[in-house]
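Below is one structure; the comments refer to it alone.
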Amino acid sequence: MLHLNKKLRGKRVIWLIAMAKEMVWDLSQLVASTDSASIQKQLKLMMAEAKSFAGRYRGEIAGLDAENLRKMIEAKDNMYLRFEGTMKYCFLMYYADSTNAVAKQLNEAARKTHTAIRQEMAFMDIELGRLLSENPFLVRAPELAEYRHYLERILRREPHMLSETEERLALLKDKNGIGAWEMLQSDWLSTRTFDIEIDGEMKTLPYGKMVGLYQSPNRDLRMRANQTVYENLGKDEIIWASALRAVCEDHIQMSKLRKYPDPITQSLIANDVDKQAIESLMAVIKKNAGLYQRYLRIKAQLMDLPKLANYDLAAPLPKMPDKKYTWSEAREEIGAAYKRFDDEIASWIEEMFTRRHIDGEIRKGKTAGAFCSSWISGKSAFVLQSFNNRMGDLFTQAHELGHAIHAYLYSRAQKLSNCETGSCIAETGSIFGELLLAEHLLSKTRTKEEKLAILAYIWDEFGLAAFQVSARFFLEKELYASIERGEFLDGETIAKMWVEARDKICGDAIDWLDVMKWQWTKSPHYYIANYRFYNYPYVYAQLFVYALYKLYKEQGKGFVPKLKRILAAGSSKSPAELSAELGFDVTTEAFWQKGMEQAEQFISLLEETI
Ligand SMILES: [Zn+2]
């Protein structure tokens, strides 16, 4: 008996080790040897190759014909592909454990190499842009057919590029200018502490912990956490207003210097979209704000409240089942969700697990949040998340694996230069994957509560990405308009603009604490250099995928190859072109309204379920 027990216990230990191993990714596949000296050698080799590439082509691009241009782009792609695994190994190892001394060293070495190579290669886009603007026919040359859109994008950026010296100066200016504001804002958030009473005890907590309290089931605590954080942010309004004023005025000046017609065009070009599409998208958001307010009222009802307060937005629904999922249950559910859609995609999802490309283990030193890093030379991807066994973790996993599927498809179909998917299209696989999981989970829920929890989860995410992010877009637009009108942006003025932008979206569906007028101060994006109008791609992606999902519901299996084609295209076509192939015109409000219709169907389902 004793013997048997021992054996069983032994088996259990082996099983636990196997489970733990299963949740830790295997990065050794990225490199020929994990020996850190040999990795450092590879980084040096990469630098040497970049130098020799620059030695061969710098100053020579103007004289290249179409055939030699193709050879140059291929040589560049191949160079990056050859060292992709090494670079990735250094970065991913550090994200997984920043306390690991070897990881720290390799990450630092890889970052240095990365920056040095960017500088070494900077001449290519400048010279290529010049050549293309003088010989635009090259973009259509049959030898370069595969790179057509890559070249079109360089050509679109070209009129706004400065000389090499000016570009270097701009980088330097940002490093100690906007970069310093960005660092100040992030240091403020990461070093300030807040005093708050929890269960009768006074605690002093950092910002990250305070944010966690926004999701507490205790409403009073949620309220006090919000009040404390934003009151303190407001006390330093003079800092945030100075920073934002400087960032926006710098952007206006740089936009003029770069000959952009307005402050938004730089971001439109970077995201490969047109102004008309974004205007239609935002018009649809404004027109449908009532739909979001309808959801907010339902959420109030589900929380037994007459009206939601801002501190209820991130709160869990009371009386909902707190269902837990093990790692293998997650694997099973997500696999099944994707299998309902397509066998090939499901087999790749399975491969992500069997080849241990997902890091789910919770550990000290691991970066917060989740991401997917595509591994193009390996025709696969790596996913990182901290798996806490909750439903939200399943959705995160489905989301990141959707990104991985995107990488599986475009890395098989495209050259490296066509794998730079912009923000508007990059979320297509991921958000679609979340909807597939929602559909699968809804199909097997037995209780009303479980169903409500899933539907509320979908709408919380949609409301955040489509509507609340739009309020930030409206604020950003207003900031530039105000500067152009010659107004002075002090803290109270920006706060007033923010309240107006927010109310356009939420109407009277939410009671706001007064201090929430300082909400704009905590978004790091506003202070990052060269990141103006970062917001609308989230809205774009959300409604784009909802419109696609609606098409899937209408067309069934016939839609599957269409989605795969979109994902396999990578950045070889613009989002507008990809939509046109499906018969959609992204410049029209009618297209974006399709996405809203799908969102409304989820609300109706929620209302029927209550
Ligand atoms: Zn994503």
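The values are calculated or read from the model by the stated rules, or taken from the named source; none is laboratory data. This one's a predicted model, so the numbers in the text were calculated from it and none came from an experiment. FYI the Cβ positions are ideal-geometry reconstructions off the backbone, even for glycines, and counts take in every protein chain you see. Surface accessibility is based on the protein's heavy atoms, side chains included, excluding ligands, DNA and RNA. Shrake-Rupley method; radii C 1.70, N 1.55, O 1.52, S 1.80 Å.
Things worth noting here:
- Inter-residue pairs, beta-carbon under 6 Å, first more than 18 Å from Arg363 (Cα to Cα) and open to solvent by less than 10 Å² (accessible area, probe 1.4 Å) and in the range 384-395, second of a type in the set (Asp, Glu) and assigned to a helix (DSSP H, G or I), 6+ apart: Phe395/Glu434
- Which numbered condition Tyr260 fails, given (1) out of contact with any helix residue (DSSP H, G or I) (no Cβ under 7 Å at 6 or more places or on another chain); (2) touching a residue at least 40 places away in the same chain (Cβ under 8 Å); (3) part of a loop (DSSP other than H, G, I, E, B): (1)
- Met391 of a type outside the set (S, T, N, Q), out of contact with any Cys (no Cβ under 8 Å at 6 or more places or on another chain) and within 16 Å of the ligand (Cβ to nearest atom): no
- Among residues of the range 352-377, those that are farther than 19 Å from Phe432 by Cβ and open to solvent by 30 Å² or more (accessible area, probe 1.4 Å), counted: 11
- Selection status of Arg446, among the basic types (Lys, Arg) and under 20 Å from the mean Cα position of the chain (by Cα): no
- Qualifying residue in the range 524-531 (condition: at pLDDT 95 or above and either more than 17 Å from Leu464 (Cα to Cα) or under 21 Å from the mean Cα position of the chain (by Cα) (or both)): no
- Tally of residues being assigned to a helix (DSSP H, G or I) and of a type in the set (Phe, Trp, Tyr) across the range 508-541: 7
- Here Glu167 meets the list (1) without any contact (Cβ under 8 Å) to a residue 60 or more places away in the chain; (2) within 23 Å of Ser417 (Cβ to Cβ); (3) open to solvent by 60 Å² or more (accessible area, probe 1.4 Å); (4) among the acidic types (Asp, Glu) almost entirely, failing just condition (3).
- Checked against (1) in a helix (DSSP H, G or I); (2) surrounded by fewer than 18 Cβ atoms within 10 Å (Cβ to Cβ), Phe462 passes all but a single condition, namely (2).
- Boolean, Arg156 is free of Cβ contacts under 8 Å to residues at least 12 places away in the same chain, over 30 Å from Tyr457 (Cβ atoms) and surrounded by 12 or more Cβ atoms within 10 Å (Cβ to Cβ): no
- Thr445 meets each of the listed conditions (1) of a type outside the set (A, V, I, L, M); (2) crowded, with 23+ Cβ neighbours inside 10 Å; (3) modelled with pLDDT under 95 apart from (2).
- Selection count, the range 304-320, where residues are part of a loop (DSSP other than H, G, I, E, B), in contact (Cβ under 8 Å) with a residue 12 or more places away in the chain and open to solvent by 20 Å² or more (accessible area, probe 1.4 Å): 9
- The listed residues are Ser430, Ser411, and the only one of them that is open to solvent by less than 40 Å² (accessible area, probe 1.4 Å) and within 16 Å of the ligand (Cβ to nearest atom) turns out to be Ser430.
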